[in-house]
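Novice: Let me give you the structure first, and then I'll get to my questions.
The values are calculated or read from the model by the stated rules, or taken from the named source; none is laboratory data. Here the structure is a predicted model, which is why all the values come from computation and not from measurement. Positions of Cβ are generated from backbone atoms using ideal geometry, with glycine treated the same way; all protein chains shown enter the neighbour counts. Please note that ligands, DNA and RNA were not included when accessible areas were found on the heavy atoms of the full protein model with its side chains. Shrake-Rupley method; radii C 1.70, N 1.55, O 1.52, S 1.80 Å.
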Amino acid sequence: QVQLVESGGGLVQAGGSLRLSCAASGRTFSNYAKGWFRQAPGKEREFVAAINWNGGSTYYADSVKGRFTISRDNAKNTVYLQMHSLKPEDTAVYYCAAKRGVSVQVSEYNYWGQGTQVTVSS
């Protein structure tokens with residue numbers, strides 16, 4: 001069974017940092033693009049960051065550019081999202097996802113994790 005499992009979420013004060021991890025099991029995703037998305041209460045799921053299969057290309061939403069960094073370790077079948085200078089508006093459930101070919105579109109991703117809560121207090 002294919003699984004993506006996120007970890008690293010939690011409660012942090014504004015200006016703080018967190019690092020999310022997403023570990024894949026059940027198959028190797030080394031040749032898949034990975035994305036991070038988030039969904040706040042009452043809002044649609046939105047794109048945060050994406051990385052192509054070998055880490056050579058990365059993409060970010062304007063709202064996180066310069067504060068978040070996506071990276072991957074294919075040997076560990078894991079993708080990361082390092083988040084700095086967190087703001088209350090970053091509060092959401094964060095999901096990782098995988099697909100062949102990088103994309104910023106939520107609807108194009110085939111595999112999803114269960115999500116991890118990030119809460120930023122002011």
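Novice: Could you grab me the full set of residues in the stretch 93-102 that are modelled with pLDDT under 95 and either open to solvent by 30 Å² or more (accessible area, probe 1.4 Å) or in a loop (DSSP other than H, G, I, E, B) (or both)?
Specialist: Of everything in the stretch 93-102, those that are modelled with pLDDT under 95 and either open to solvent by 30 Å² or more (accessible area, probe 1.4 Å) or in a loop (DSSP other than H, G, I, E, B) (or both) turn out to be Arg100, Gly101, Val102.
Novice: Determine if the stretch 59-70 includes at least one residue that is of a type in the set (Lys, Arg), in contact (Cβ under 8 Å) with a residue 24 or more places away in the chain and outside any strand (DSSP E or B).
Specialist: No, the stretch 59-70 has no match at all.
Novice: Taking the stretch 48-75 as the region of interest, how many residues are more than 16 Å from Ala98 (Cβ to Cβ) and either acidic (Asp, Glu) or in contact with a Gly (Cβ under 7 Å, 6 or more places away or on another chain) (or both)?
Specialist: First pass over the stretch 48-75, keeping only residues more than 16 Å from Ala98 (Cβ to Cβ): 56, 60-69, 75.
Checking which are either acidic (Asp, Glu) or in contact with a Gly (Cβ under 7 Å, 6 or more places away or on another chain) (or both) leaves us with 62.
Here the count works out to 1.
Novice: Moving on to the next point. Output the number of residues of the stretch 1-57 satisfying the condition of being free of Cβ contacts under 8 Å to residues at least 60 places away in the same chain, open to solvent by less than 60 Å² (accessible area, probe 1.4 Å) and part of a loop (DSSP other than H, G, I, E, B).
Specialist: 5
Novice: Also, quick follow-up: When the stretch 71-92 is examined, which residues are found to be over 13 Å from Val120 (Cβ atoms) and assigned to a strand (DSSP E or B)?
Specialist: Listed by number, the residues that qualify are Ser71, Arg72, Asp73, Thr78, Val79, Tyr80, Leu81, Gln82.
Novice: Of everything in the stretch 107-122, what is closer than 17 Å to Asn52 by Cβ and open to solvent by 40 Å² or more (accessible area, probe 1.4 Å)? Give them in sequence order.
Specialist: Glu108, Asn110, Tyr111
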